[in-house]
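To start, the structure under review is shown below, and the notes come after it.
The values are calculated or read from the model by the stated rules, or taken from the named source; none is laboratory data. Bear in mind the structure is a predicted one, so any value in this text is a computation, not a measurement. For neighbour counting, all protein chains shown are included, and Cβ atoms are generated from backbone atoms with ideal geometry for every residue, glycine included.
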Amino acid sequence: MSAKEPDSNDLSRFNQAFFEECAEHLAEMERILVSLGDREPDRDQWDAVFRAAHSIKGGAGIFGFDDMTVVTHALESLLDLLRNREIPYRTSMVDLFLEAGDAISMQLAGHRDGKAVDRQAVEAVTAKLEQALLRESSPRELPAAGVTAPAPPPSLQPIPYRVIFSPPADLFARGVRIEGLIEELSELAEPGSFRCRAELTGIPPFDGLDPERCLTRWHFTLTTPAGEDAIHDVFMFAAEEHELEVIRLAGEEVSPSPAIAAALAAPPPVTTAARERGDGPGARPAAEPDNSIRVKTGKVDQLINQVGELLITQSMLSQMSATLDPVLHERLLACVLQLERNARDLQGSVISMRLVPISTVFNRFPRMVREIAAKLGKNVELKLVGEGTELDRGLIEKIADPLSHLVRNALDHGMESPEERAAAGKPATGTLTLAASQVGGRILIQVSEDGRGLDRERILAKAAQSGIPVSETLTDEEVCQLIFLPGFSTAAQVTDLSGRGVGMDVVQRNVLALGGRIQLSSEPGKGTSVTISLPLTLAIVDGLSVSVGEERFIVPVSVMIESLQPSPDQLKMVNGREVVRVRGDYLPILRLHQLFAIDGAVERPERGILMLVAVETERVALLVDALVDELQVVVKSVEANFRHVEGSAGATILGDGKVALILDLSELVLMQRRSIAEAAQAA
Amino acid sequence: MEIGNTATTLTGGQHLSEYLTFRLGNENYGIDILKVQEIRGYDSVTRIANTPDFIKGVINLRGVIVPIVDLRIKFATGEATYHQFTVVIIMNVLSRVVGIVVDGVSDVVALPPESVKPAPELGSTLDTRYLSGLADHHGEMLVLVDIEKLIGSDELQVVKTSH
Amino acid sequence: MSPEKEHLFTLHLEGEWRIEQAPDLLQQVAGGWSALLKAAPPPACVEIDLAKVREIDACGGQLLALLQEQVRLRGMTPRLSAVPPTVRERLALLGYLDGETGGEGGEP
């Protein structure tokens, strides 16, 4: 008999797909609703919002998340009436829909992450939706849950279709309720036009039969005005694209009478809805075909890994062939060169598969800005620029929080009140701009506003008050840097939005952890702008390989400032700590050979190389024997098979096949501090 | 050299467990062959700082980074030298891939369950905690190692540090 | 060719024909099937009595369809009988009633 264990895994794996899609639908719904402002949504927007709600309901029903179907059902019913203009639209409804979206998000989080669900809030929203429904549509009754099909747009002609659904073998085992799907499909059909036939794809003997294995292929015929998309939507969570075939029948199987055929050929009767839209059904732009497939990120990562392997093999080949006589082996060497180019191209293509547009993060801001601005009594217009800029999926998830923080800060601290702006001769409505662009191998994200700008005197005063040593001689740029120090906050009033001091230092730490850099510039009275620069991907790091004794390490280029061979008079001892003087600054020296207990390394800094690196807010000098090479390396996990190695952020494989650790400078600084503290204790 | 996963064979309806046997000093040990991924030579190990001396470092195993533990040093079974015949057993335990260095791989043996006796409290180099039993194989004593317990132990510091 | 009343063999099925019971259902079907194969002389018509089937889902419907196909493969005619209304409705919805009559599997 079939084992239960894998089945439940299959089910949860499939739930995951639903969770992801559900989150996407919720985001889409919110994006549209927030973009409305005071305008009434047009038919396309209504349809899109309705489809999102409908899809969530359908998916929730299939996977047995019945609590989610209740809210979505009420939401869907109301939306359906609105989009068909059976009830009037009111601007206040947007807030109700957003609230409903939040409730569904919360339920989703409950099912996905086991987070607590505020049932009362959910019930309250449901009640509000139902009230609105009753109030606005008194003659109509709220249809029973589960039987509402999307009402077909009245202006469209019914079209006959044949639908063939060839489900995967685990359809039953993963708990898909095919009955519900068929019911839903039958509801799309014109009365009497629906037919369903189950075909067995094989007739295996009972001996050794897995009764849970699906051996059925379904054939449906139906005539519906709802269109192909609606048919696809029914199977959205149950079928992959290739498992569903929807064939539009040219009236052969369901041949209309000559009279009907004539009517079909005539222009369709123009209904109210179609007239208001200002175009006939044919004039509507065809939905953009979705030529994409869903692939698990794990599969993409595997591919990236394998391409990384290929690159290593290729670089070994290059190294070996470099010793060959170029005249004798001209053709071989040309091939090796060609291979290198091909491998790099392949790597680029594979990495691009992990890239997603930054709009997935930016989309959350219209609503956030709207709400915060309302709370603060400020007038703000949000501009989004370069939403199509792509970056690594892993980065997208991690950059969202720091960006939210920056947006909050900008609204709270940077943007003035309308009165203040008027007094300064500026337009009452301020502008907040989120811009993304790709510059070389990095992504720049800028959060800027046209607010009051940083107040140099106030920052200095605040820093002095917080016990940070400052002097009047600091440049403006240096004053800006003070903002990134822990415990710094300039808000004259501490608000519940930005809080006190949890701010830029945390943002900076998060950005650095992603291999990024952050910069702030400001002009009094004109505004402030924060720029984050990120690598394109987390899977590959630009690094410098350095040698220490026999060992090799990779230093990420993102932390590098410069490297130098110090002269003896640059080296000093300050409070028992070794430092190097670089243009008036004293930077502590980190001896890599000491931290990693490596024998046979260069011990006198003037004989080796000091690499000046930026670690959070300080700069340190890392002592290594020599710089070997600048290269792009594929980041590998050490922790997959071993414990965490202190001072490292993963490892990579060098051209000779050996493993080299990628250094984590923040951890190295911590290790240094600990060893100094231990030495002090021992003394 | 790769070893196929021909772990349990059915003979007369009885399960024979197969063990890969290896030497540590002058004792013979056996580990469940299902846990063995492959056997290879000792080569290009990258040292990891601040680890005990029996953790030799990590290697690149077809793109995967795999730690190497020298059981000869851990259990002080004699001089640990490295040459072209030094053997590393790559194992799949606790959803990790780990390599162990031993004195030499001997054989693959099939043992009926009744030939496995509980391990005595004393008498072997390895702590009884890490043993699953003793077996007699052609007149020689075979110490059966519970490799999951050994690799997962704090003492070995593969999964986490002991402090 | 009239198989009616020549030799009739009746298989009684029962219980909830749902995926949760799949292993039991398979046992039920396989048991009935082996009894059917031992019947002498081989029946021309196999009546599948569903009177005691309380509920059915797609997994159960598929198993029932498989049983009917197996019967046909052996040159016999399957026939469902005493189908409870809810079960019939479900089978019809799922499209598993199409092959019921045996007419499709017979000679043209």
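Just one of the listed residues (A:Arg583, A:Arg591) is without any contact (Cβ under 8 Å) to a residue 40 or more places away in the chain and more than 14 Å from chain B (Cβ to nearest Cβ), and it is A:Arg583.
Out of B:Asp127, B:Asp136, B:Asp53, one residue alone is free of Cβ contacts under 8 Å to residues at least 40 places away in the same chain, in contact with a Ser or Thr (Cβ under 7 Å, 6 or more places away or on another chain) and surrounded by fewer than 21 Cβ atoms within 10 Å (Cβ to Cβ). It is B:Asp136. Test A:Glu76 against the criterion of being within 16 Å of A:Pro366 (Cβ to Cβ) and surrounded by 20 or more Cβ atoms within 10 Å (Cβ to Cβ), and give yes or no. It is false that A:Glu76 is within 16 Å of A:Pro366 (Cβ to Cβ) and surrounded by 20 or more Cβ atoms within 10 Å (Cβ to Cβ). Would you be able to say whether some residue in the range C:44-60 is closer than 21 Å to A:Ser186 by Cβ, modelled with pLDDT of 85 or more and of a type in the set (Gly, Ala, Ser)? Among the residues of the range C:44-60, at least one is closer than 21 Å to A:Ser186 by Cβ, modelled with pLDDT of 85 or more and of a type in the set (Gly, Ala, Ser), which makes the answer yes.
Among the residues of the range B:60-88, those that are in contact (Cβ under 8 Å) with a residue 60 or more places away in the chain and away from chain A (no Cβ under 13 Å) comprise B:Lys74, B:Val87.
Scanning the range A:337-375 for residues that are within 17 Å of the chain's Cα centre (by Cα), at pLDDT below 85 and assigned to a helix (DSSP H, G or I) yields A:Ile351, A:Ser352. A:Phe596 fulfils the conditions (1) modelled with pLDDT under 90; (2) crowded, with 21+ Cβ neighbours inside 10 Å; (3) out of contact with any helix residue (DSSP H, G or I) (no Cβ under 8 Å at 6 or more places or on another chain) except for a single criterion, (1). A count restricted to the range C:7-31 and to residues that are in a loop (DSSP other than H, G, I, E, B) and under 16 Å from C:Pro78 (Cβ atoms) stands at 1. Going by what's in this entry, would B:Ile31 be described as modelled with pLDDT of 90 or more, away from chain A (no Cβ under 14 Å), out of contact with any His (no Cβ under 8 Å at 6 or more places or on another chain) and at negative phi? Taking the combined requirement at face value, the residue satisfies it.
Scan the range A:544-575 for residues that are among the charged types (D, E, K, R) and either in contact with a strand residue (DSSP E or B) (Cβ under 7 Å, 6 or more places away or on another chain) or part of a strand (DSSP E or B) (or both) and the total you get is 4. Pairing each residue of the range A:648-666 that is on the phi > 0 side of the Ramachandran plot with any residue that is among the aliphatic types (A, V, I, L, M), provided the two are 6+ apart or on different chains, yields C-beta distances under 7 Å for A:Gly650/A:Val635; A:Gly650/A:Val638; A:Gly650/A:Ile662; A:Gly657/A:Ile312; A:Gly657/A:Met316.
Across the range A:179-233, the qualifying residues are those that are of a type in the set (Lys, Arg), more than 7 Å from chain C (Cβ to nearest Cβ) and part of a strand (DSSP E or B), and the one among them that is surrounded by the fewest Cβ atoms within 10 Å (Cβ to Cβ) is A:Arg195. Is it true that A:Val628 is over 24 Å from A:Glu309 (Cβ atoms), in contact (Cβ under 8 Å) with a residue 24 or more places away in the chain and more than 14 Å from chain B (Cβ to nearest Cβ)? No; evaluated as a whole, the condition is false for this residue.
Got a number for residues in the range C:57-74 being more than 11 Å from the chain's Cα centre (by Cα) and farther than 16 Å from A:Gly180 by Cα? Residues flagged as more than 11 Å from the chain's Cα centre (by Cα) and farther than 16 Å from A:Gly180 by Cα within the range C:57-74 amount to 2. What do you reckon, is B:Gly57 in a strand (DSSP E or B), among the small types (Gly, Ala, Ser) and within 14 Å of chain A (Cβ to nearest Cβ)? Yes, satisfied.
Yes or no: A:Val602 more than 9 Å from chain B (Cβ to nearest Cβ), buried (at least 16 other Cβ atoms within 10 Å of the Cβ) and either within 16 Å of A:Val559 (Cβ to Cβ) or of a type in the set (D, E, K, R) (or both)? Outline the logic, then answer.
On the way: more than 9 Å from chain B (Cβ to nearest Cβ): yes; buried (at least 16 other Cβ atoms within 10 Å of the Cβ): yes; either within 16 Å of A:Val559 (Cβ to Cβ) or of a type in the set (D, E, K, R) (or both): no.
No.
Here A:Gly655 meets the list (1) among the small types (Gly, Ala, Ser); (2) at pLDDT 85 or above; (3) not in a strand (DSSP E or B) almost entirely, failing just condition (2). When we screen A:Val659, A:Val638, A:Val645 for residues that are facing chain B (nearest Cβ under 7 Å), crowded, with 19+ Cβ neighbours inside 10 Å and touching a Leu at 6+ places or on another chain (Cβ under 7 Å), the only hit is A:Val645.
For the range C:32-55, the condition holds for no residue, the condition being that it is surrounded by 16 or more Cβ atoms within 10 Å (Cβ to Cβ), within 11 Å of chain A (Cβ to nearest Cβ) and among the charged types (D, E, K, R). Of all residues in the range B:58-88, those that are surrounded by fewer than 22 Cβ atoms within 10 Å (Cβ to Cβ) and closer than 20 Å to A:Gly657 by Cβ total 9.
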